[in-house]
Amino acid sequence: MGFRGRTVAALMALTAVTACVATYAVLEFPRWNGIATGTAVWGNGQTQEGLRQSEIDKLNKAVSLIEKRYLLPADRNRLLDGALQGMVESLSDPYSIYKSADEADAYVDALQGAFTGIGAELRMEKGAVVVEAPIRGSPAERAGLQSRDVLLSINGESLYGLSLSEAIAKIRGPKGTKAKLKVQRAGRAEPLDLELVRDRIDPIAVGSEVGEDGIGHLFINQFTSETASQVAEELEAMKSQGLKALVIDVRNNPGGYLQSVVEVADQLLEKGKPIVQSEYRDGQRKVDVAEHGAKNGERYPLVVLINKGSASASEILAGALKQSAGAVLVGDTSYGKGTVQVHFNSELGDDSLIKLTVYKWLLPDGTWINEQGLKPDVPVAQPDYFLAWRLPRDRVLKLDSTGGDIGNLQTILSGVGYPTDRRDGYYSEKTKQAVERFQADESLPKTGEVDSATAQRLEEKLYSIIQDKTNDAQWQTALAEARKLLESSESP
């Protein structure tokens, strides 16, 4: 069995040559009447339409002081952009951003099309660049970048304290160029050094396959404006192949458009079942329900695969299917993003853009999972080699070396079938012998040392093992759960 059309063949090709970087709208939809304007509620409980005259005067005085007394010439447009940037940053909300007119077009294009970079969904948190999720099949994923990793530097340049746009500008680069990242990971004392190659990516949103037992695998990588129609196509194709039960895979799906996930859920739920609740700043709530329901009343036993890279819209889908269709959740606890953002791209009177968090989203039963995530019904950890990261290319790993990269090497060796005597980060004689066996089997110079060529071959071998679904513990568990549900539904 194999993924259809735009699926696994394209995915493997993209994996080999592509990367991306940008901050997507994690969960957004177009502006609606009533939200673009209105009165602001200040911390003292008073309302105010725009700035008071005294506040305008204060800003004018600051600009005047800078223009008259600052050592160097000041650009008025940059001063204004900086003031707006500061306003949004003062909200202490990593999902609210300001983009100048120069940045806005590129930002919107990145949300809707192809782009270049490393292949990770990024956001800012307390001055640090944080990974929300590596994009499936990207160099970031292959290099071992994980959700909640903090990017400290790129090619030796610190990223701390930069705006997200400034950080992205440094991470972006021409196709084929190297991006050397220093990464801080929770639970590790020392940062990791990862080297990736930038390229272009056209994200693959949806794909599917059906096994001989009638159990389908539908993966959704993001929720774009086209995802719902693509899911409809895949469902029709799976039905024609004898679909009986469905595993929906939203691992490392960082989210997307609210309307998109509502339309996807509508195809899988019984008509009238709740999908998501929205809670506004005044406490009022709105409930989205399945307006059409599963086509022709066709509904299937459902399992949803989630992990810590499943965020926002993917959490909405998983929560809706669990609470409104009895789906079983398998995998790791999800990311935990329970807010909704909106783009305001005309309200400022020029081509600049503000994205603001405007309300919470809640599960059908009213639970807010922000910073908590969805807990799986069946927790499953992947084999430790799934968490391995890219081996260094700027130095050779050899006998008596120590450190995190050696421990990572030992994990990779075990994953590709060449276990050694230890996993503690000391390059022992047994580790050397394991490397020699691997080199001999791969027709590499039998040095017992891991140079660039050996590192590349080890990673290629490991990646092929990870891509083999028989080694994917979460998928295998989801498959077993789907079979249980199928057997139960077919029982008299």
Quick one: is Gly448 closer than 23 Å to Arg142 by Cα and either open to solvent by 60 Å² or more (accessible area, probe 1.4 Å) or part of a loop (DSSP other than H, G, I, E, B) (or both)? no
Tally time: how many residues in segment 301-326 are open to solvent by less than 10 Å² (accessible area, probe 1.4 Å), in a loop (DSSP other than H, G, I, E, B) and without any contact (Cβ under 8 Å) to a residue 60 or more places away in the chain? 0
Can you tell me which of (1) in a loop (DSSP other than H, G, I, E, B); (2) within 21 Å of Arg251 (Cβ to Cβ) is the one Arg395 doesn't meet? (2)
When segment 382-396 is examined, which residues are found to be aliphatic (A, V, I, L, M), more than 16 Å from Ile465 (Cα to Cα) and either surrounded by 22 or more Cβ atoms within 10 Å (Cβ to Cβ) or modelled with pLDDT under 95 (or both)? Leu391
Check off (1) open to solvent by less than 10 Å² (accessible area, probe 1.4 Å); (2) under 19 Å from the mean Cα position of the chain (by Cα); (3) farther than 22 Å from Gly256 by Cα for Gln184 and give me the number that stays unchecked. (1)
Applying the selection to segment 264-300, what residues are out of contact with any helix residue (DSSP H, G or I) (no Cβ under 6 Å at 6 or more places or on another chain), aliphatic (A, V, I, L, M) and either open to solvent by 40 Å² or more (accessible area, probe 1.4 Å) or within 27 Å of Ser138 (Cα to Cα) (or both)? Val287, Val289
Single residue of segment 194-221 satisfying the filter (among the acidic types (Asp, Glu) and farther than 22 Å from Asn252 by Cα) that is least open to solvent (accessible area, probe 1.4 Å): Asp213
Residues that are open to solvent by 40 Å² or more (accessible area, probe 1.4 Å) and not aliphatic (A, V, I, L, M), drawn from segment 152-169: Asn155, Gly156, Glu157, Ser158, Tyr160, Gly161, Glu166
Evaluate segment 480-492: report whether one residue or more is under 23 Å from Gln410 (Cβ atoms) and of a type outside the set (Ser, Thr, Tyr). no
Every listed condition ((1) at pLDDT 80 or above; (2) of a type in the set (D, E, K, R); (3) surrounded by fewer than 20 Cβ atoms within 10 Å (Cβ to Cβ)) holds for Asp149 save (3)
Would you please name the residue that is surrounded by the most Cβ atoms within 10 Å (Cβ to Cβ), looking only at residues in segment 345-370 that are part of a loop (DSSP other than H, G, I, E, B) and polar (S, T, N, Q)? Ser352
Against the conditions (1) open to solvent by less than 60 Å² (accessible area, probe 1.4 Å); (2) closer than 26 Å to Pro301 by Cα, where does Ser229 fall short? Just the number, please. (1)
Determine if segment 457-465 includes at least one residue that is modelled with pLDDT of 95 or more and over 29 Å from Lys182 (Cβ atoms). no
Filter result for Ala140 (out of contact with any strand residue (DSSP E or B) (no Cβ under 8 Å at 6 or more places or on another chain) and outside any strand (DSSP E or B)): no
Can you name every residue in segment 331-344 that is surrounded by fewer than 19 Cβ atoms within 10 Å (Cβ to Cβ) and farther than 15 Å from Leu317 by Cα? Phe344
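Residues checked against (1) over 21 Å from Leu145 (Cα atoms); (2) under 22 Å from the mean Cα position of the chain (by Cα):
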{"position": "Lys360", "(1), (2)": "yes, yes"}
{"position": "Thr367", "(1), (2)": "yes, no"}
{"position": "Asn370", "(1), (2)": "yes, yes"}
{"position": "Val380", "(1), (2)": "no, yes"}
{"position": "Pro383", "(1), (2)": "no, yes"}
{"position": "Trp389", "(1), (2)": "no, yes"}
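In this structure, does Val183 turn out to be modelled with pLDDT of 90 or more, of a type outside the set (Asp, Glu) and more than 25 Å from Trp475 (Cα to Cα)?
On the way: modelled with pLDDT of 90 or more: yes; of a type outside the set (Asp, Glu): yes; more than 25 Å from Trp475 (Cα to Cα): yes.
Yes, satisfied.
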If you go through segment 412-425 one residue at a time, do you hit one that is closer than 30 Å to Phe219 by Cα, open to solvent by less than 20 Å² (accessible area, probe 1.4 Å) and either outside any helix (DSSP H, G or I) or aromatic (Phe, Trp, Tyr) (or both)? yes
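The values are calculated or read from the model by the stated rules, or taken from the named source; none is laboratory data. Computed from a predicted model, the values in this text were never measured in an experiment. No Cβ is skipped: glycine too gets one built from the backbone with ideal geometry, and neighbour counts run over all protein chains shown. Surface areas here come from the heavy atoms of the whole protein model, side chains and all, with no ligands, DNA or RNA. Shrake-Rupley method; radii C 1.70, N 1.55, O 1.52, S 1.80 Å.
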